[in-house]
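Quick notes on the structure that follows.
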Amino acid sequence: MERLTDFFKACSDETRIRLLMLLSVQDFCVCELVVLLGLPQPKISKHLRRLKEFGLVKTKREDNYVLYSLVIEDEALKRMLAIVDENLEEYAILKEDRARIKDRRLLREEYHKTIRS
């Protein structure tokens, strides 16, 4: 029951829902998520930390980046995310987030351009 409660707590915030839906597609580093969501890095990091505390994401190192990936083993929770995914047309912001996914290298370049200016 705790996993279900934690899942719904995680979904009680729009930013965390957006993160979960993006991470259901592939893994991302914080800088890529900043570009995709158009939100400040500290806000993204705070919500990723919460998702990690809930046991919904894990991290792994890739060169100079820490990648976040979804780690949901409960089949009922996976189905809930799949239902949202199947109905993206109903959720404009989630659909827009998904449409912004590009080549990983381009996302990272875009992020580094913004922090230099």
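The values are calculated or read from the model by the stated rules, or taken from the named source; none is laboratory data. Just so we're clear, the structure is a prediction, and the values are computed from it rather than from any experiment. When we count neighbours, we look across all protein chains shown, and the Cβ atoms used for this are built from the backbone with ideal geometry, even at glycine.
Of the residues making up segment 76-115, not one is of a type in the set (A, V, I, L, M), free of Cβ contacts under 8 Å to residues at least 60 places away in the same chain and assigned to a loop (DSSP other than H, G, I, E, B).
When you check residue 116 against the structure, is it surrounded by 13 or more Cβ atoms within 10 Å (Cβ to Cβ) and modelled with pLDDT under 90, yes or no? Considered against the rule, which asks whether it is surrounded by 13 or more Cβ atoms within 10 Å (Cβ to Cβ) and modelled with pLDDT under 90, residue 116 comes out as no.
Checking each residue in segment 30-45 for being in a helix (DSSP H, G or I) and either in contact (Cβ under 8 Å) with a residue 40 or more places away in the chain or in contact with a helix residue (DSSP H, G or I) (Cβ under 9 Å, 6 or more places away or on another chain) (or both) picks out 30, 31, 32, 33, 34, 35, 36, 37, 41, 43, 44, 45. Going by the conditions given, is residue 35 more than 22 Å from residue 4 (Cα to Cα), among the aliphatic types (A, V, I, L, M) and touching a Leu at 6+ places or on another chain (Cβ under 6 Å)? In short, yes.
Within segment 61-83, not a single residue is in contact with a helix residue (DSSP H, G or I) (Cβ under 8 Å, 6 or more places away or on another chain) and basic (Lys, Arg). Just the residues that are outside any loop (DSSP other than H, G, I, E, B), surrounded by 18 or more Cβ atoms within 10 Å (Cβ to Cβ) and out of contact with any Leu (no Cβ under 6 Å at 6 or more places or on another chain), please, taken from segment 51-67. Residues satisfying the conditions are 51, 67.
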